[in-house]
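Down below is the structure, laid out as structure tokens.
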């Protein structure tokens with residue numbers, strides 16, 4: 001299924017995916033809401049070329065009254081705006097060895113936007129789910145070939161997840177229109193889950209009576225320990241804290257340089273399993289940890305700011321680390337072997353920032 | 001000076017730069033003005049964290065009356081809006097062998113935004129250039145280490161180039177504010193030249209009496225055939241045509257799949273040396289060429305649309321190519337050895353799109 005390599009170097013395919021799919025530069029962690037153009041993107045196929053004036057969403061399958069909704073009709077429905085932290089399930093993949101060949105994310109597959117849209121639940125209620133409906137299938141307009149199968153990008157949600165009040169169909173981002181590359185004219189936003197769930201460029205929503213077995217659902221996005229392992233589906237975001245790398249960078253290596261003295265280290269933390277209860281900071285590569293200070297969350301489904309007053313007195317080489325623990329008691333993997341899985345999903349290994357102090 | 005490799009694989013540093021510095025997905029060539037968030041970016045160091053309300057630009061050096069201008073003062077000056085096609089000088093570098101280790105661009109280091117700002121020339125005239133001024137030096141707030149030198153990103157322009165009417169200080173992009181990652185609150189925009197000239201996050205503008213010898217001017221951004229070659233400076237954009245890859249992609253390899261029948265192939269072309277006079281299309285890897293149809297340029301400093309009605313009758317494997325020729329008679333390199341140089345700059349080798357027809 002997955003191509004895997006032990007090479008320390010990267011393939012042309014991986015570089016191609018990196019150039020198409022930007023991460024958020026980590027200095028962007030300074031902003032509670034990620035500015036437009038800085039939020040990560042993972043676009044499986046091509047950005048479709050859709051005309052919002054003729055756009056229609058169809059709601060069908062195992063429903064009593066199939067619906068067709070134009071963008072104006074969707075905008076006339078109740079509107080909600082909420083910040084949602086989004087993270088690609090492939091985050092951290094590039095730290096693994098052997099490494100699955102796909103988008104070679106390190107720590108930058110993140111962003112927290114303010115999404116505007118209309119709740120999904122009332123639309124499904126209006127369509128009237130039939131008794132045999134077990135999942136809701138979301139199909140995008142983006143089409144291509146993955147795992148040798150030609151397909152539109154599509155993923156399903158179990159009924160109880162699709163009916164959560166906070167699941168929305170979004171047509172706005174950060175107070176403006178939804179950008180083309182983020183799914184315009186309409187996308188799904190599912191808080192707490194990894195980003196693959198939030199299908200972009202929505203074409204149809206269908207209630208189905210059997211669990212969806214498409215490539216993006218049944219083949220990809222599973223935690224598997226071997227090719228034979230049936231595995232478990234990737235769902236909610238694992239706890240994760242990241243820092244703005246302090247000081248100034250080297251252009252090529254991105255290693256950091258800081259002067260002796262007090263340095264305020266800051267970042268953001270999140271989890272899809274419960275609120276972040278604790279963030280710890282280490283300046284010695286994870287041997288000793290200190291408590292970081294937590295701010296107020298940007299929103300229930302957003303991230304929370306943390307900071308740590310690091311007073312570095314001795315010139316030399318340091319390795320900064322940070323880790324989060326959530327209300328469910330989950331924390332982060334300290335080394336990447338703990339987090340390894342065939343597809344390289346949900347890798348929340350602690351961030352390590354090598355740093356020269358002078 | 002430059003690290004060079006003959007490896008077909010890419011280093012972690014290259015992947016890191018690719019993830020920080022997004023390209024424009026080539027399907028974005030459909031839009032005359034590149035939407036916000038799809039325009040390429042090359043950020044040498046970190047995105048600086050600047051407060052526009054206290055921002056000041058200083059104009060000094062060899063001038064009679066040094067100036068300090070706030071953002072409001074800059075916005076009160078004459079305003080111009082114009083589309084400018086921008087391209088990173090590192091475009092095509094990843095096709096070279098041996099390959100310089102830096103941002104591993106293929107074809108996507110492009111974009112055409114509508115920039116809003118105020119012309120530079122009247123500001124320099126107000127400051128009053130002294131007789132010994134030979135260059136204007138533009139210094140950004142972004143700071144880091146490159147070629148072992150700690151520096152703010154800075155580049156100069158010869159006086160006659162800096163005084164061109166169309167050189168502007170931009171505070172807006174695509175009708176909105178200048179995004180942080182594109183140089184907010186203020187950046188330089190120099191039409192026709194490669195992007196490294198258009199310094200972002202401007203801190204100061206200084207008239208200088210000796211040619212600037214900083215790293216980004218005298219060490220990098222030169223066409224050199226060997227490490228010892230003094231080379232020539234990289235300046236204007238070489239002619240370049242690119243196409244929207246037709247059909248649908250494979251997720252990982254990005255190879256394309258098209259059905260038998262007529263396919264409208266389209267794209268954009270540009271040159272910094274003169275208007276685009278001719279665009280040619282090939283479906284057999286460059287053995288035979290046909291004339292593409294040219295549209296109206298989006299603007300004098302923008303790109304021009306081209307299209308070609310390709311009627312493919314036989315299933316099989318094809319390689320599509322496109323090349324531009326400008327009014328100065330310059331055209332594109334057909335293979336990458338022609339375009340090779342130590343730093344991997346200005347590589348305008350023809351785009352090759354492998355494609356399966358079924």
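None of the figures in this text is laboratory data; all of them are computed from the coordinates on show. All of these numbers come straight from a predicted model, not from anything done at the bench. All Cβ positions, even for glycine, are placed from backbone atoms using ideal geometry, and neighbour counts span all protein chains on display.
If N is the number of residues in the protein assembly as shown, what value comes out of its Cα radius of gyration divided by 2.2 N^0.38 Å? If you can, show how the numbers build up before the last one.
On the way: Rg = 25.6 Å, N = 716, 2.2 N^0.38 = 26.7 Å.
Scaled against compact globular proteins, the figure is 0.96.
Roughly how many nanometres apart are two label points built 7 Å out from the Cα toward the Cβ at residue A:228 and residue B:253?
2.9
Would the stretch B:4-233 count as rounded, prolate or oblate if I go by the C-alpha gyration tensor, calling it rounded below 1.5 in a/c and otherwise prolate when a/b exceeds b/c, oblate otherwise? Don't skip to the end; give the middle numbers.
Working: a/c = 1.90, a/b = 1.32, b/c = 1.44.
Judged from the Cα gyration tensor, the stretch B:4-233 comes out oblate (a/c at least 1.5, b/c at or above a/b).
With the cut-off at 1.5 for a/c, could you classify the stretch B:1-65 from its C-alpha gyration tensor as rounded, prolate or oblate? Write down the numbers at each step before the final one.
Values: a/c = 2.40, a/b = 1.46, b/c = 1.65.
Oblate, since a/c reaches 1.5 and b/c is not below a/b.
Could you let me know the centre-to-centre spacing of the stretch B:147-178 and the stretch A:174-251, using Cα atoms, in angstrom?
Computed from Cα coordinates, the inter-centre distance equals 38 Å.
Using a 7 Å offset from the Cα along the Cα-to-Cβ direction at both residue B:159 and residue A:164, what is the distance between the two label points in nm, to one decimal?
Here the modelled spin labels are 6.5 nm apart.
What is the gain in length, in nm to one decimal, between residue B:8 and residue B:72 on full extension, counting 0.36 nm per residue of separation less the C-alpha to C-alpha distance?
Details: separation 64, 0.36 × 64 = 23.04 nm, distance 5.03 nm.
Contour length minus Cα-Cα distance gives 18.0 nm.
With a point put 7 Å past each Cα toward its Cβ, work out how far residue A:49 is from residue A:150 in nm, to one decimal.
Calculated label separation equals 1.9 nm.
For the stretch A:240-357, report the convex hull volume of the alpha-carbon atoms normalised per residue, in Å³, without decimals. It would help to have the intermediate numbers written out before the result.
Details: hull volume 14.3 nm³, N = 118.
Roughly 121 Å³ of hull volume per residue.
Would you kindly work out, in nm and rounded to one decimal, the distances from the label point of residue B:337 to those of the same position in each other copy, ordered shortest first, with label points 7 Å along Cα-to-Cβ?
For residue B:337, the inter-copy label distances come out at 4.7 nm.
Of the beta bridges DSSP finds with both residues in the stretch B:4-233, what % are antiparallel, to the nearest 5?
Details: 42 of 46 bridges.
The antiparallel proportion sits near 90 percent.
Under 8 Å for C-alpha pairs, at least 6 residues apart: give me the relative contact order for chain A, rounded to a whole percent. Display every interim value, and only then the final one.
Details: 904 pairs, mean separation 65.5, N = 358.
After rounding, I find 18 percent.
What is the extension gain from residue B:296 to residue B:81, computed as 0.36 nm multiplied by their sequence separation minus the C-alpha to C-alpha distance, in nm to one decimal?
Fully extending the segment from residue B:296 to residue B:81 adds 75.5 nm.
Please report, for residue A:209, the nm distances (one decimal) from its label point, 7 Å out from Cα along the beta-carbon direction, to the equivalent points in the remaining copies, shortest first.
8.9
Pairs of alpha-carbon atoms within less than 8 angstrom and 6+ residues apart define the contacts here; what relative contact order does the stretch A:240-357 have, in percent? Let's see the in-between values first.
Working: 271 pairs, mean separation 37.7, N = 118.
Over the stretch A:240-357, the number comes to 32 percent.
222 nm [θ] for chain A, helices only, -39500 (n - 2.57) per DSSP H run of 4+, per residue, to 500? Please list the in-between numbers first.
On the way: 5 runs with 29 residues, N = 358.
Using -39500 (n - 2.57) per qualifying helix, the result is -2000 deg cm²/dmol.
Full extension from residue A:311 to residue A:64: what is 0.36 nm times the residue separation minus their Cα-Cα distance, to one decimal in nm? Numbers along the way, then the final one.
Working: separation 247, 0.36 × 247 = 88.92 nm, distance 6.41 nm.
Extra length available between residue A:311 and residue A:64 comes to 82.5 nm.
Put the label 7 Å from Cα along Cα→Cβ for residue A:98; what are its distances to the other copies, in nanometres, shortest first?
Ordered by increasing distance: 3.1 nm.
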